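Structure record follows, encoded as structure tokens.
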């Protein structure tokens, strides 16, 4: 099966902890993304990664950092989580930059 | 950053009637306009898209219209069914990543 796979599905943690989320795509796409979907369902781009070029949304706090070993993997690390980081983090991929997005099932983060 | 506005935020329609969602964008370099449907507990999935070289596209009951001059595009669902109830998102792309609208919760009632 070819798709976008995210782990974990859920994560509950305390303020100040570090968390990492994994994303892998088996679609052979060149570009991967992280989007944040908040409680109001707003979808905001965080990062776009294409051919080792990272494009960062300037509004993303520095405690967030993407990590990619190859074009099929794009992980997300949050160094010291804060309550406003509670959200669903959606990984996506596309054949080329900004083409049709294929989303993973998301990681729901709850920060206590 | 460049915004994508989407209205209405909630839309309630009678089964069998039409539903229309409108979006506007700011970046005149935008050239790709997809629409995604997100059902509860699921991820967003593409349902239809349109590129800047077209003004109208139809796939079965879905119609998208694009007015580049006004920087507006819209989704029309004809003959709505209960299965059409979901969140709908428009998006606009100028080639780097897609910016999403604020979403429309569509409720199709019997």
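General observations
- Any hit, segment B:20-31, residues being within 11 Å of another protein chain (Cβ to nearest Cβ) and either in contact with a strand residue (DSSP E or B) (Cβ under 8 Å, 6 or more places away or on another chain) or in a strand (DSSP E or B) (or both): yes
- Single residue of A:49, A:33 found to be within 14 Å of another protein chain (Cβ to nearest Cβ) and either in a helix (DSSP H, G or I) or in contact (Cβ under 8 Å) with a residue 40 or more places away in the chain (or both): A:33
- If you go through segment B:43-60 and keep only what is within 12 Å of chain A (Cβ to nearest Cβ) and either touching a helix residue (DSSP H, G or I) at 6+ places or on another chain (Cβ under 6 Å) or assigned to a loop (DSSP other than H, G, I, E, B) (or both), you end up with B:43, B:44.
Conditions (1) over 23 Å from residue B:4 (Cα atoms); (2) at pLDDT 95 or above, marked per residue:
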residue: A:37; (1), (2): no, yes
residue: A:69; (1), (2): yes, no
residue: A:88; (1), (2): no, yes
residue: A:96; (1), (2): no, no
residue: A:107; (1), (2): yes, yes
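- Residue satisfying condition, being within 14 Å of the chain's Cα centre (by Cα) and facing chain B (nearest Cβ under 9 Å), within set A:43, A:74: A:43
- Residue B:107 being more than 18 Å from residue A:103 (Cα to Cα) and either within 11 Å of chain A (Cβ to nearest Cβ) or not in a strand (DSSP E or B) (or both): no
- Residue check, residue A:25 more than 10 Å from chain B (Cβ to nearest Cβ), surrounded by 19 or more Cβ atoms within 10 Å (Cβ to Cβ) and either closer than 19 Å to residue A:83 by Cα or touching a residue at least 12 places away in the same chain (Cβ under 8 Å) (or both): yes
Results for (1) modelled with pLDDT of 95 or more; (2) surrounded by 13 or more Cβ atoms within 10 Å (Cβ to Cβ); (3) farther than 29 Å from residue A:107 by Cβ, shown as yes or no for each residue.
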{"residue": "B:2", "(1), (2), (3)": "no, no, no"}
{"residue": "B:12", "(1), (2), (3)": "yes, no, yes"}
{"residue": "B:44", "(1), (2), (3)": "yes, yes, no"}
{"residue": "B:49", "(1), (2), (3)": "yes, yes, no"}
{"residue": "B:55", "(1), (2), (3)": "yes, no, yes"}
{"residue": "B:65", "(1), (2), (3)": "yes, yes, yes"}
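- Of the residues B:102, B:80, the single one that is in a loop (DSSP other than H, G, I, E, B) and within 11 Å of chain A (Cβ to nearest Cβ) is B:102.
The values are calculated or read from the model by the stated rules, or taken from the named source; none is laboratory data. Everything quoted here is computed from the prediction, not taken from an experiment. Here the Cβ is made from the backbone with ideal geometry for all residues, glycine too, and neighbour counts use every protein chain on show.
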